[in-house]
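Student: The structure that follows is given in the form of structure tokens.
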Amino acid sequence: MATPAGILNSPIHLQTLLAGGMCPGRLQRQFIRASVDVESISLRFPPLFAPLVTINPKNGERIFELPLAVVDSDDQVSATETEIDITFNDGSITTQVVDLITAPRRIIFEGLQDTSSEVTTSKGIDNASLAASSMIDAHLESINEIHFPDRDSDRARPPQAEGMSIISWSQCRSIFSEHSDDDEAKMRLIVRIATECEQLVEDLCTRPHRILRRIRRLERVERAQQLDSACIRWLIRQPGRTLVEKAGPKRQVMSIIRTDSADTPENRVLRDFLERCQRAASQYLKEHEYLKRLKRRSNRVDLVHRFLLKATRLLSTTEIGDIPRLAGLAQPNYVLQFDERYSRLWPWYERLRRHQTELDNVWRWQHRLWAERCILTIFAALDEIQGKESRINTRAFVRIEQDNGQFIDGRSPIGMWIDPRSPQRDGILAIRGESLPNIVPVIDDVPVHALMSDLFIAKVDRFQRKPIRQLMAISCCFDSEAWSHTEELKSAIGHSDSTVGAESSSFQMHRCIMIPAPADSKYKIVFCDDKKRTALVTLPIDFESSIAGVTEILKHWMGGHY
């Protein structure tokens, strides 16, 4: 068997392929190219499998993607080493060490403690982590709304199968595009909880469900009412012949006492819920600190701040804060399912716990989450171009738990769009990277860095299924600082893609690289070569605002303005 160095090339950074050493910005994608006999690649820390991005139709070479190494401060600015296990088709395994690209994450503070002396993150890291947090929270909020519709909405909970919710693409888009009002503060799960549960948690903490417990303790003889076998054994071991002698000078014997206690499973869930709300509220207020600096009032921020104060007060002044913490994963008992008050708390707790669990897992895959968000925007833009009459009516399969940063299952049928600008009424196919060799095996000269794209938009004859005449490879890179290096990126990407538009190519190859726009800015499209076949598109994180930019680049590609 060949040595690991002969099997794997060095990890391929998108920065290396697109910009080389010319670009000061960092595009946060990292890939590994492996030979055809490699079945899978897994990381030892974090323990997960590297997703297969695509297979080269020409030589069968497999391309896997690696996660980011999440860091919390400037103290960890170097790449993090990790070991990967390479599994071959014959079952053999070998190991290689790789460096992961680092990504900053803001420290999440609990409660209302003064953390000013603990903050060590730089302004750059804080801004980057805030941008990532905003994008991740917005996406997870929409995914949560799909699985758990708000009570005030007219949507019912969608049918589920194999751990996925089944919803139409039109409903999926409407959920991602929702704007409830003009409040500058974003709608997040903690806002909904503060709205629905403020009075509920007050009532539960002041009047918690209690149970009678039987405990053994020393009690005066005249008050002892019940003894069990353990109490009798204790009494037998005491010196003396009569009960008075055995009771001793304090006149106490071991007996059964009934006492009420709030230490119940449902109240442990209540405490865990309040502590999770503290963390979520603190993060929400941190995210919207800019409104305070600008002296702008927000009803949502005020609501969350009031709820944070209440949760902190209830944990410190009521007995709920003194009961033991929840151990393990909570399971709904009879009270949590059928009690009039606790049954209202349980759905919100389950939703918040799932959101925070997914939030922790998805930070390593924030670039793939951004890619999914861009793909959904592309689907919405294609529907906009076609008009209401031609919109697809197929369904999306949305996972309840993320798979390497993505929730939309790759098996979701997306149909075919019609190009309204083409005289032949060409069909437009959206192809995920891992499905490319199965759908269009005729392509054998796609550049390697184009193969590592997240989505391919292809023009085909929708009746005769003729070979593809045009192909656009779309890469999505979540780097909140890349927009400030647009000119360097334009020069480097245009140079690296100079061979893509060669006249000898059997089809017309276009590339589109999507990165996030700075806060409070609109989309921007920069063409990186003279023939306008490669474009760098900056999109706002807001879903609805990004559709206009995606629509413009798709119309350019369909219109044939080369």
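Student: Can you run down the residue pairs with Cβ atoms below 9 Å, 6 or more apart or on separate chains, where the first is in the stretch 292-321 and modelled with pLDDT of 90 or more and basic (Lys, Arg) and the partner is in a helix (DSSP H, G or I) and surrounded by fewer than 20 Cβ atoms within 10 Å (Cβ to Cβ)?
Tutor: From the stretch 292-321, the pairs are 306/198; 310/198; 310/202.
Student: Cβ contacts < 7 Å: first residue within 18 Å of residue 132 (Cα to Cα), restricted to the stretch 542-553; second residue buried (at least 16 other Cβ atoms within 10 Å of the Cβ) and among the hydrophobic types (A, V, I, L, M, F, W, C), any location; separation 6+ or different chain. Result?
Tutor: Taking only residues 6 or more apart or on different chains, the pairs are 543/176; 546/539.
Student: Same structure again: Which ones in the stretch 315-338 are assigned to a loop (DSSP other than H, G, I, E, B) and under 18 Å from residue 198 (Cα atoms)?
Tutor: So the first thing to find is which residues in the stretch 315-338 are assigned to a loop (DSSP other than H, G, I, E, B), and the list is 318, 322-333.
The answer is 318, and nothing else.
Student: Within the stretch 453-478, which residues are at pLDDT 80 or above and in a loop (DSSP other than H, G, I, E, B)?
Tutor: Within the stretch 453-478, 453, 454, 477, 478 meet the criteria.
Student: Which is basic (Lys, Arg) and touching a residue at least 24 places away in the same chain (Cβ under 8 Å), of 237, 210?
Tutor: Working: 237 fails: touching a residue at least 24 places away in the same chain (Cβ under 8 Å).
None of the others qualify; the one that does is 210.
Student: Go through the stretch 198-207 residue by residue and tally those that are in contact (Cβ under 8 Å) with a residue 12 or more places away in the chain and over 19 Å from residue 265 (Cβ atoms).
Tutor: Here is the first cut: in the stretch 198-207, the ones in contact (Cβ under 8 Å) with a residue 12 or more places away in the chain are 198, 200-206.
Remaining after also requiring over 19 Å from residue 265 (Cβ atoms): 198, 202, 206.
Of the residues in that region, 3 qualify.
Student: For residues that are in contact with a Pro (Cβ under 8 Å, 6 or more places away or on another chain) and part of a strand (DSSP E or B), scanning just the stretch 523-559, find the one that is nearest to residue 373 (Cα to Cα).
Tutor: Only one residue fits best here, namely 539.
Student: Residue check: is residue 546 at pLDDT 85 or above, under 27 Å from residue 102 (Cα atoms) and of a type in the set (Gly, Ala, Ser)?
Tutor: Numbers: at pLDDT 85 or above: yes; under 27 Å from residue 102 (Cα atoms): yes; of a type in the set (Gly, Ala, Ser): yes.
Answer is yes for this residue.
Student: Return a yes/no flag: does the stretch 282-291 have any residue that is over 14 Å from residue 185 (Cβ atoms), under 29 Å from the mean Cα position of the chain (by Cα) and in a helix (DSSP H, G or I). Break it down into steps so the answer makes sense when it comes.
Tutor: Taking the stretch 282-291 first, the residues over 14 Å from residue 185 (Cβ atoms) are 282.
If we keep only those that are under 29 Å from the mean Cα position of the chain (by Cα) as well, we get 282.
With in a helix (DSSP H, G or I) added as a condition, the list becomes 282.
So far as the stretch 282-291 goes, yes, one or more of its residues are over 14 Å from residue 185 (Cβ atoms), under 29 Å from the mean Cα position of the chain (by Cα) and in a helix (DSSP H, G or I).
Student: Can you find a residue that is closer than 24 Å to residue 321 by Cα and either over 58 Å from the mean Cα position of the chain (by Cα) or of a type in the set (Asp, Glu) (or both) anywhere in the stretch 217-230? So that I can check it myself, show each step before the final result.
Tutor: Step one: of the stretch 217-230, the residues closer than 24 Å to residue 321 by Cα are none.
So far as the stretch 217-230 goes, no, none of its residues is closer than 24 Å to residue 321 by Cα and either over 58 Å from the mean Cα position of the chain (by Cα) or of a type in the set (Asp, Glu) (or both).
Yes or no, residue by residue, for (1) modelled with pLDDT of 85 or more; (2) more than 16 Å from the chain's Cα centre (by Cα); (3) of a type in the set (Lys, Arg):
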position: 126; (1), (2), (3): no, yes, no
position: 132; (1), (2), (3): no, no, no
position: 135; (1), (2), (3): yes, no, no
position: 139; (1), (2), (3): yes, no, no
position: 143; (1), (2), (3): yes, no, no
position: 153; (1), (2), (3): no, yes, no
position: 157; (1), (2), (3): no, yes, yes
position: 163; (1), (2), (3): no, yes, no
position: 166; (1), (2), (3): yes, yes, no
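Student: Look at the stretch 277-327 and say how many of its residues are farther than 25 Å from residue 360 by Cβ and charged (D, E, K, R).
Tutor: Summing the residues that are farther than 25 Å from residue 360 by Cβ and charged (D, E, K, R) in the stretch 277-327 gives 11.
Student: Just for the stretch 327-350: of the residues that are crowded, with 17+ Cβ neighbours inside 10 Å and farther than 14 Å from residue 208 by Cβ, which one is farthest from the chain's Cα centre (by Cα)? Explain how you work it out, then say what you get.
Tutor: Step one: list which residues in the stretch 327-350 are crowded, with 17+ Cβ neighbours inside 10 Å, which gives 330, 332, 335-336, 342, 345-346, 348-349.
Applying the additional criterion that residues be farther than 14 Å from residue 208 by Cβ yields 330, 332, 346, 348-349.
Details: 330: 22, 332: 25, 346: 22, 348: 18, 349: 18 Å.
Among those residues, the one meeting the criterion is 332.
Student: Exactly one of these conditions fails for residue 247: (1) in contact with a Leu (Cβ under 8 Å, 6 or more places away or on another chain); (2) free of Cβ contacts under 8 Å to residues at least 40 places away in the same chain; (3) of a type in the set (A, V, I, L, M). Give me its number.
Tutor: Every condition holds for residue 247 apart from (1).
The values are calculated or read from the model by the stated rules, or taken from the named source; none is laboratory data. Computed from a predicted structure; not experimentally measured. Every residue, glycine as well, gets a Cβ built from its backbone with ideal geometry; the counts of neighbours run over all protein chains shown.
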